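Student: Please find one structure pasted underneath; my questions will follow.
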């Protein structure tokens, strides 16, 4: 609680206590008025002062002014009739209770959400020229310095490990609970917590350019991009108060005049009372607070799950997603090539792989890497000599005296080996020993094990169309699409084609409201990310271009998070709509009841404060997204 | 030029009023007030000194909501 909140709470308690005491004491006449004014002034003096300032600044629709008019008016009516001041004071009291609760709840959620993103490192252990460590502010660490990170400390700056190994907890960044093993030479990003060993890191960025700063900046500024719902409420609030105040004036004047004209009692007191009831309901606070609070909570909850949403407006658009377009490589697939199948002829699988891995021993081609990775004992005592690269075809080498050719079908043709075709999608590597065909190995990009589940989750949550764009061949693309359950595939696209394909999809949709989401890994697809209604970059840790171009950033590369992000956005928007309908609805009902004299001021203030409290509590619900 | 300022204000509607007031100030191209993070992001028009403009912004904000503050 802040100082102001404490002070106001004390005022609320004292004033309530006085009201209770006064209720049991019998005082009459002017003394009664004086005694009742004590709790009124205790609870309302600041409102009265603000109201006075409102008059001075010509703010006719200042809430404090309206509240002051309502309560002073009610006191005047009471003075004039039976002397029941309780109502006026209660209105002020409950108004203040409402304000207090709002301030407390908002302060609390501000704190909660900033704790969720508690990744800001307070210091760095810089190793100076003498080899000693000193604690400095992360801002003061220059690029290329070496810092020490003890177990339990946060990594303050992005860099490369130069000494030690450890496990890192990346939960705060990615929502992933499994620790990540790191050792010398590995890139580490700031914001991770070092769990087990002492590590030394050579920094590769300044603090302000490091991941942790970028993320904090992104999250803190997210709710500044306002959604349509917020704009609506702001506009609504701007006209709501004047309309209600004008209606109040009309209500106080028109019916009595009409009654006089028709020859009956004008009942001034009666109508003025009803008009004052209107003023009590004229504050749009419940509405205005609950909407940004819902978005703030939604964005906060999502970032806890490793989903960074760059603005309330994107959260809103995401909730309307109907089509999800995927980039293939790195998004649905791992983006690394692995041996997918081995089809030997004459020799067994293991020896085929063995030969191929040996021939590729000295090559740095990505395919060579995957072949060597697939055969763990590559560096055994076999003799590999005379390796020779045949450009565009493959490699030839002597393995234990045998001439082994490893390469594509062109290579096989050139040496006259009779190769057989393969039905598997991917890159086919043929092997021939001493001019005789020995079989082939299929290398392909591996589908992420969770991709299939991710697509089915998307379909379950109402995505009607899933599309895949890829530069790969038709066969490979269709195979992947079939395996994971994608509806439509556009293969063999150049990066520029992807943009026009997205535009075709956007132009071809039935209505503006069916939003198109594009998911990519941020490499080469920045233009597509920005062209789609919502661009989601995944596994974008450290990729500045992707963080820049995307509207939503997934910190890890798990496609399941896409469905999760959509679910979070839907939940948040549901809450926003509930709050808008609920708050406006209750206010309108109270206004109608008040106009007919059914609702008195008590009901009006209860409705007002009650709606606000319920709307705030409902808004905070947007924070809980773990089990969506 | 764009700058971000820390603000103090108690109610969400007052924050909206501040935003409207700031936007009406001479030299301000656009202003966005974020009630949840208590920040005001101001984009200034060319040729205006942010400090001077902010003084006006603060004055205008005080008019619509007395109980507010902008740190600059």
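The numbers here are math on the coordinates, done by the rules we state, and not lab data. Since the structure is predicted, the reported quantities are computational estimates derived from the model, not experimental observations. Here the Cβ is made from the backbone with ideal geometry for all residues, glycine too, and neighbour counts use every protein chain on show.
Student: Assuming a ≥ b ≥ c are the square roots of the Cα gyration tensor eigenvalues, decide whether region A:332-489 counts as rounded (a/c under 1.5), prolate (otherwise, with a/b larger than b/c) or oblate.
Tutor: prolate
Student: If I histogram all Cα-Cα distances within region A:88-199 using bins 5 Å wide from 0, what percent of pairs lands in each bin?
Tutor: 2, 11, 17, 18, 13, 8, 6, 5, 5, 4, 4, 3, 2, 1, 0
Student: Which of A:219, A:552, A:254, A:146 has the fewest other C-beta atoms within 10 Å, and how do the rest follow up to the most?
Tutor: Placing the least packed residue first, the sequence is A:254, A:146, A:219, A:552.
Student: If you don't mind, another one. Sticking to Cα atoms, compute the Rg of region A:67-106 to one decimal and its Dmax as the biggest Cα-Cα distance, whole number, in Å.
Tutor: Taking only Cα atoms of region A:67-106, I get Rg and Dmax of 12.4, 41 Å.
Student: Please give the average number of partner chain Cβ atoms lying within 10 Å of the Cβ of each residue in A:221-227, rounded to a whole number.
Tutor: 4
Student: Can I ask one more? Report the Stokes-Einstein translational diffusion coefficient (µm² s⁻¹, integer) for chain B, Rh taken as the Kirkwood radius over Cα pairs, at 20 °C with viscosity 1.002 mPa s.
Tutor: Result for D is 185 µm²/s.
Student: Something else: What is the spin-label model distance, in nm, from residue A:264 to residue A:76 if the labels are put 7 Å beyond Cα along the C-beta direction?
Tutor: If labels sit at residue A:264 and residue A:76, their model points lie 2.5 nm apart.
Student: Under the definition of partner shielding as Cβ atoms of other protein chains within 10 Å of a residue Cβ, what is the mean value for peptide B:11-21?
Tutor: 6
Student: Report, for chain A, the % of DSSP beta bridges that are antiparallel, rounded to 5.
Tutor: 75 percent
Student: If you find the alpha carbon centre of region A:224-259 and of region A:363-417, how far apart are they in angstrom?
Tutor: Their Cα centres are 80 Å away from one another.
Student: Over all residues in B:29-38, what is the mean tally of Cβ atoms on other chains that come within 10 Å of each residue's Cβ?
Tutor: Counting other chains' Cβ atoms within 10 Å and averaging over B:29-38 gives 6.
Student: Would you kindly calculate the mean projected area, averaged across all directions, of the convex hull enclosing the Cα atoms of the protein assembly as shown, in square nanometres?
Tutor: 41.9 nm²
Student: When the Cα centres of region A:34-63 and region A:437-469 are compared, how far apart do they sit, in Å?
Tutor: Computed from Cα coordinates, the inter-centre distance equals 65 Å.
Student: At a Förster distance of 30 Å, what's the computed FRET efficiency of residue A:3 paired with residue A:25, Cβ-Cβ distance as r, to 0.05?
Tutor: E between residue A:3 and residue A:25, to the nearest 0.05, is 0.35.
Student: Taking neighbour counts of Cβ atoms within 10 Å as a proxy for exposure, in what order, fewest first, do A:295, A:30 appear?
Tutor: With the sparsest Cβ surroundings first, the list reads A:30, A:295.
Student: Determine the relative contact order of region B:2-71: mean sequence separation of Cα pairs under 8 Å and six or more apart, normalised by residue count, in whole percent.
Tutor: 43 percent
Student: Can you give the FRET efficiency for residue A:208 and residue B:63, using 1/(1 + (r/R0)^6), R0 = 35 Å, r = Cβ-Cβ distance, to the nearest 0.05?
Tutor: E between residue A:208 and residue B:63, to the nearest 0.05, is 0.45.
Student: Mind ordering A:266-272, A:345-351 by average Cβ neighbours within 10 Å, highest first?
Tutor: Highest-to-lowest ranking by the protection proxy: A:266-272, A:345-351.
Student: What is the angle, in °, between the Cα long axis of helix A:3-24 and the longest principal axis of the Cα atoms in chain A? Nearest 10 is fine, range 0 to 90.
Tutor: 40 degrees
Student: Note the full-extension length gain between residue A:171 and residue A:135 as 0.36 nm times their separation in residues minus their Cα-Cα distance, in nm to one decimal.
Tutor: Between residue A:171 and residue A:135, full extension yields 10.5 nm more.
Student: So how long is each side of region A:512-628 along the principal axes, counting just the alpha-carbon atoms, biggest first, in Å?
Tutor: Principal-axis extents of region A:512-628 (Cα, largest first): 66, 31, 21 Å.
Student: Could you grab the relative contact order for chain A? Cα pairs under 8 Å, six or more apart, rounded to a whole percent.
Tutor: Once normalised by length, the contact order is 14 percent.
Student: Mind giving me the FRET efficiency for residue A:398 and residue A:421? R0 is 22 Å, r the Cβ-Cβ distance, nearest 0.05 is fine.
Tutor: Efficiency computed from Cβ-Cβ geometry: 0.20.
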